[in-house]
1. Looking at region 240-262, is at least one residue at pLDDT below 90 and at positive phi?
2. Scan region 75-115 residue by residue and report those that are assigned to a helix (DSSP H, G or I), over 27 Å from VAL545 (Cβ atoms) and more than 23 Å from the chain's Cα centre (by Cα).
3. Pairs only if they're at least six apart or on different chains, beta carbon under 7 angstrom, first in region 474-492 and closer than 22 Å to ALA556 by Cα, second assigned to a helix (DSSP H, G or I) and β-branched (Val, Ile, Thr); list them, first residue then second.
4. Determine, yes or no, whether PHE365 is buried (at least 18 other Cβ atoms within 10 Å of the Cβ), outside the structural domain of ASP110 (by TED's automatic domain parsing) and touching a helix residue (DSSP H, G or I) at 6+ places or on another chain (Cβ under 7 Å).
5. Pick out, from region 162-271, the helices (runs of 4 or more DSSP H) lying fully within it that include 2 or more residues that are free of Cβ contacts under 8 Å to residues at least 60 places away in the same chain.
Amino acid sequence: MSPAAISAFYKPIASPKRILPWVVTTALIGLVGVPLLFIALQAIFPRLGEGLLVAPFSMWLPTLADPRVLQLSLNTLVLGVSVALVAGALGGMLGVIRGLSEIPYARAWDIVMLMPLMIPPYIATLGWIVVLQPRGYLQQVAGFHLGPFLFSFPGLVFVMASHLFPAVYFAVSRSIEASGGQLAEAARMSGASAFDVFRRITLPLALPAIGGALLLVFASTIEEYGTPAILASQSNFEVLTTAIDHRVADWPIDLPGASCLSIILVLLALMAYSAQQRMIEGRSFETIGGKTQAYRAALRGWRLGLALAVLASAALVTIGLPLLGILSTAFTRTFSGGLSITNLSTRNFEQLFSNVGGAMHATAFSLALATGTAIVTAIIGVSAALVSRREGSGVSFIRTLTALPNAVPGVVVAVGLILAWNQPWLPATVYGTWVMLLLAYSCILLPYPVRYAFAALTQISPDLEAAAMMAGANRIVAFRRIVLPLLWPSVFAAMMLVFSIASRELVASILLAPVGTHTMATFVWKQFEQGSLGLGMAMSVIALVVNMLVMAAISAALLGRGRT
């Protein structure tokens with residue numbers, strides 16, 4: 001036996017290199033695998049809650065034969081496709097203007113167009129309601145309202161597209177900016193018109209990015225709960241997410257039916273996610289052979305005015321109006337008092353800081369949960385990314401587990417956790433405690449730190465660790481003193497993003513929050529249901545401020561990494 005083989009044979013089995021994959025696999029199975037497993041088991045064995053594995057698949061035939069299930073699936077598909085088309089049209093038009101034109105203060109326009117993604121969808125929807133509903137701000141100012149439009153299918157599509165169009169805007173503008181350089185310039189020098197350059201060169205090169213963005217919008221739409229729950233209920237347009245919630249939260253509780261609907265929703269999301277991955281990876285063009293400069297038209301006169309007018313109008317309608325509704329309601333004494341100087345007041349914020357309705361407790365609870373989620377996902381995400389650098393069947397399994405939450409809606413994760421922790425044979429359970437929320441948030445948001453950490457690790461040469469170990473450092477010291485400092489800016493940015501999303505997460509909070517305990521999201525939801533619009537909007541403003549501060553921290557972290 002060679003000396004190398006002898007050394008490997010006697011290598012301590014408890015070394016960090018050998019323990020880490022097992023620890024990561026166990027954590028991922030508990031965090032991601034268990035809720036999804038129990039969703040599948042409950043859908044197969046309808047009496048699982050009684051501890052009985054009998055009558056397998058007996059729920060599927062009546063479920064699939066129920067015309068309401070078919071209608072729910074069709075509604076979800078139609079909504080997803082409609083929002084993708086509207087968001088694609090709006091975001092594509094704005095992205096083309098940004099990518100092909102010399103727009104003054106272009107980076108500022110990018111920040112403006114990013115703002116809809118910073119506003120939680122359910123909060124933006126509440127802003128639209130107070131503006132467009134009967135006796136809303138639009139009627140107070142202009143004398144008419146758009147309530148019938150808002151509480152209809154077209155209104156639902158418009159509101160959701162207004163939130164998601166930035167995904168298409170950035171995909172189109174960045175793709176055109178990257179691919180519209182040398183080839184477009186060569187075509188123009190050969191006599192092609194600007195329209196021909198766009199139609200035959202720029203647009204075909206941008207199609208993979210556009211298609212990927214549209215599929216992302218579709219997946220985000222079918223997974224959304226808050227906006228359909230608020231708007232679609234009044235137009236009797238129910239989708240899978242709201243139907244799953246009704247079967248879990250309303251009496252009589254139908255866990256087998258909720259599980260079957262969850263499986264259908266997961267399959268739809270997986271189809272969209274898989275199509276997006278194939279579109280991104282399936283088409284590749286080498287268009288840059290050296291230093292490139294994007295081809296942009298220098299707009300002058302009325303053309304520049306028209307481009308700016310289109311950008312400003314889109315920003316005013318999709319961002320300004322819901323923000324106006326949120327801020328106006330938060331800073332007015334009464335909603336019925338309208339937009340007047342005499343009605344301005346900070347009373348709603350004073351009540352919040354006086355802990356009316358447990359507002360401060362909800363805020364502290366949300367921030368603590370968000371902090372815990374950021375820490376848990378960062379630890380598991382970095383560990384999973386470290387293991388993913390290797391090869392082997394176990395590594396493939398870990399990669400699959402870390403990618404699954406991308407395609408699993410939050411409502412499905414919540415239902416899976418309810419099923420997993422309500423089994424009669426469990427000696428103890430965390431159901432009804434804050435731990436359920438921590439598990440749900442961590443499962444839903446795990447892909448962010450995994451993706452950020454893995455991307456950063458690919459830029460760190462393994463030779464650095466090898467050199468440290470040759471100098472006498474063990475693996476832990478090499479990671480702590482070399483790899484971790486290089487990883488930290490990306491990991492910090494991921495943690496801030498996780499913190500931001502966790503602090504405003506809605507559907508898992510509604511389904512899993514302990515009785516009598518509220519998060520910031522459920523507090524806003526409760527105030528809206530009770531008619532306390534001012535108090536709910538004041539909490540929404542606090543959530544928005546938290547998001548903006550977090551985005552600033554992420555930008556600072558990324559800029560700091562760029563300087564290093």
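1. Checked region 240-262: no residue is at pLDDT below 90 and at positive phi.
2. Answer for region 75-115, where residues must be assigned to a helix (DSSP H, G or I), over 27 Å from VAL545 (Cβ atoms) and more than 23 Å from the chain's Cα centre (by Cα): MET93, VAL96, ILE97, ARG98, GLY99, LEU100.
3. Listed by first residue and then by second, the contacts come to LEU487/VAL382; VAL491/VAL382.
4. For PHE365, the condition - buried (at least 18 other Cβ atoms within 10 Å of the Cβ), outside the structural domain of ASP110 (by TED's automatic domain parsing) and touching a helix residue (DSSP H, G or I) at 6+ places or on another chain (Cβ under 7 Å) - is not met.
5. Once the helices (runs of 4 or more DSSP H) in region 162-271 are filtered for at least 2 residues that are free of Cβ contacts under 8 Å to residues at least 60 places away in the same chain, what remains is 182-189, 194-197, 203-223, 240-249.
This table checks each residue for (1) among the small types (Gly, Ala, Ser); (2) at pLDDT 95 or above; (3) crowded, with 16+ Cβ neighbours inside 10 Å.
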{"residue": "ARG333", "(1), (2), (3)": "no, no, no"}
{"residue": "LEU339", "(1), (2), (3)": "no, no, no"}
{"residue": "THR346", "(1), (2), (3)": "no, no, no"}
{"residue": "LEU352", "(1), (2), (3)": "no, no, yes"}
{"residue": "GLY357", "(1), (2), (3)": "yes, no, yes"}
{"residue": "ALA378", "(1), (2), (3)": "yes, no, yes"}
{"residue": "SER388", "(1), (2), (3)": "yes, no, yes"}
{"residue": "GLU391", "(1), (2), (3)": "no, no, no"}
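The values are calculated or read from the model by the stated rules, or taken from the named source; none is laboratory data. Quick caveat, the model's predicted, so the values are computed rather than measured. Cβ coordinates were reconstructed from backbone atoms using ideal geometry, including for glycine residues, and neighbour counts include every protein chain displayed.
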